[in-house]
Amino acid sequence: MADSSVIWEESALKLLETRDRYTRNAIREEFGRDPEKGAIEIDPAEHSYLTPVSGNRFSVIWQRYAGRVLVRAVVPLTNLDWLKKVAADTKKDYVGQVVKSESKGEITL
């Protein structure tokens, strides 16, 4: 999937801006190359996914929307082995709490 099909919500860009320039660029470049690489489905009904990036130090939360990728958030979520094993509702709740905490309540999934 080409980088031009990736749309970053303003709220995701704000979270990304809290990282240093090197990390921001690495996250955008790696995610833009292949958003689906290592993706974990977190909400099948909403077509929401989480993709680990930057050596699994960060996770990009995104949705498939009209054939494009809509990035909702970027968070330092690293406990992915556990996350892969839990039920969909638990994944959504857990990821939602992390995003809410990182965004100081500005973003809800």
Suppose we filter G32, G38 for residues that are in contact with a helix residue (DSSP H, G or I) (Cβ under 9 Å, 6 or more places away or on another chain) and at positive phi; which single one remains?
G38
In region 47-56, residues that are in contact (Cβ under 8 Å) with a residue 40 or more places away in the chain and surrounded by fewer than 14 Cβ atoms within 10 Å (Cβ to Cβ) total 0
Does at least one position in region 12-27 carry a residue that is aromatic (F, W, Y), under 10 Å from the mean Cα position of the chain (by Cα) and either loosely packed, with under 14 Cβ neighbours inside 10 Å or at pLDDT 95 or above (or both)?
no
Within region 57-75, identify whether any single residue is farther than 21 Å from Y94 by Cα, of a type in the set (D, E, K, R) and surrounded by fewer than 17 Cβ atoms within 10 Å (Cβ to Cβ), and answer yes or no.
yes
Scanning region 62-80 for residues that are touching a residue at least 12 places away in the same chain (Cβ under 8 Å) and among the small types (G, A, S), which turns out farthest from K104 (Cα to Cα)?
G67
Just to be sure before I move on: is I7 touching a Leu at 6+ places or on another chain (Cβ under 9 Å), crowded, with 18+ Cβ neighbours inside 10 Å and either in a strand (DSSP E or B) or at negative phi (or both) in the structure I sent?
no
On the basis of being exposed (fewer than 13 other Cβ atoms within 10 Å of the Cβ), without any contact (Cβ under 8 Å) to a residue 12 or more places away in the chain and within 18 Å of L15 (Cα to Cα), does K85 make the cut?
no
Of T51, T23, the only residue that is over 13 Å from L109 (Cα atoms) and touching an Asp or Glu at 6+ places or on another chain (Cβ under 8 Å) is T51
Could you list, in sequence order, all residues of region 10-27 that are among the charged types (D, E, K, R), part of a helix (DSSP H, G or I) and touching a residue at least 24 places away in the same chain (Cβ under 8 Å)?
K14
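The values are calculated or read from the model by the stated rules, or taken from the named source; none is laboratory data. Note that the coordinates shown come from a computational prediction; the quantities given were computed from them, not determined experimentally. Positions of Cβ are backbone-derived with ideal geometry, glycine not excepted, and every protein chain shown enters the neighbour counts.
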